[in-house]
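The values are calculated or read from the model by the stated rules, or taken from the named source; none is laboratory data. Bear in mind that the values here come from a model prediction, so they are computed numbers and not experimental data. So basically every Cβ, Gly included, is an ideal-geometry build from the backbone, and we count neighbours across all protein chains shown. Ligands, DNA and RNA are excluded from the accessible area calculation, which covers all protein heavy atoms including side chains. Shrake-Rupley method; radii C 1.70, N 1.55, O 1.52, S 1.80 Å.
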Amino acid sequence: MADNLQIGKSSVAAVFHTKQELQLAAIAAAGAIFEAAVVAPTSHLPPGLPRLRGLVEAWLRYVSEPVLPGGCFMVATAAEFDSRPGPIRDALAQLRREWIALLTREIEQAQAHGMPSELPAPLLAFEVDALLASANIAYNLLDDPDALDAVRRILGTRLGLTDIGSVSP
């Protein structure tokens, strides 16, 4: 970090006394970036299917036009910390819980307004998140430029979001 900022390591250490403090600050910053890039742009949309559509579109843009290396920060860091108990894992897990809860609320609203689904909202939110995470991995790790459009098509069919636009860069 010090090298990237072209400052001395002691300057970084003066702000972040431990590696854990630095990591927690990075997670908080990544959460704020995600909020600004994915959640905030959809807050004006009506709840339910319109907002769910907006969240999926915004998430796909967040990955295809990454602000952070690796696309989605939560997906990119999950494997590194998922089995390491402690504050870092807890902070990452909280971000994921908030995202899943948001998806669940919007799916519940969509179902209440007639979106057909044989699955309850929490399971469908799990599925949506799993597809988005898989697309992030395929797009970034496998350099698969079609991964985001593939998940767009799958979710379009699964959720009736047939007008999700193409996100290929």
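Results, tabulated for the structure shown:
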item	result
Ratio Rg/Rh [Cα only; Rh per Kirkwood] for region 67-112	1.10
Label-to-label distance, nm, for residues given as Gln20 and Ala78 (7 Å Cα→Cβ offset)	2.5 nm
Cleavage-rule hits (GluC sites (Glu not before Pro)) in region 85-128: DSSP loop, at most 10 neighbouring Cβ within 10 angstrom	Glu118
Kirkwood Rh and Cα Rg combined as Rg over Rh, evaluated for region 38-89	1.11
Mean Cα-pair separation over length for region 78-164, i.e. relative contact order, pairs under 8 Å, 6 or more apart, %	19 percent
Leu103, Leu68, reordered so the largest accessible area comes first (probe 1.4 Å)	Leu68, Leu103
Per residue solvent-accessible surface (Å²) - region 39-169, probe of 1.4 Å	52 Å²
Unit Cα scatterers, Debye sum, region 66-169: log10 I(q)/I(0) for q = 0.09, 0.14, 0.15, 0.19 Å⁻¹	-0.26, -0.62, -0.71, -1.05
Accessible area of Arg51 in the full protein assembly, 1.4 Å probe (Å², nearest 10)	50 Å²
Cβ-Cβ FRET estimate between Asp90 and Asp144, R0 fixed at 35 Å, reported to 0.05	0.65
Additional length obtainable on full extension of the chain from Arg158 to Ala101, 0.36 nm per residue less Cα span	18.6 nm
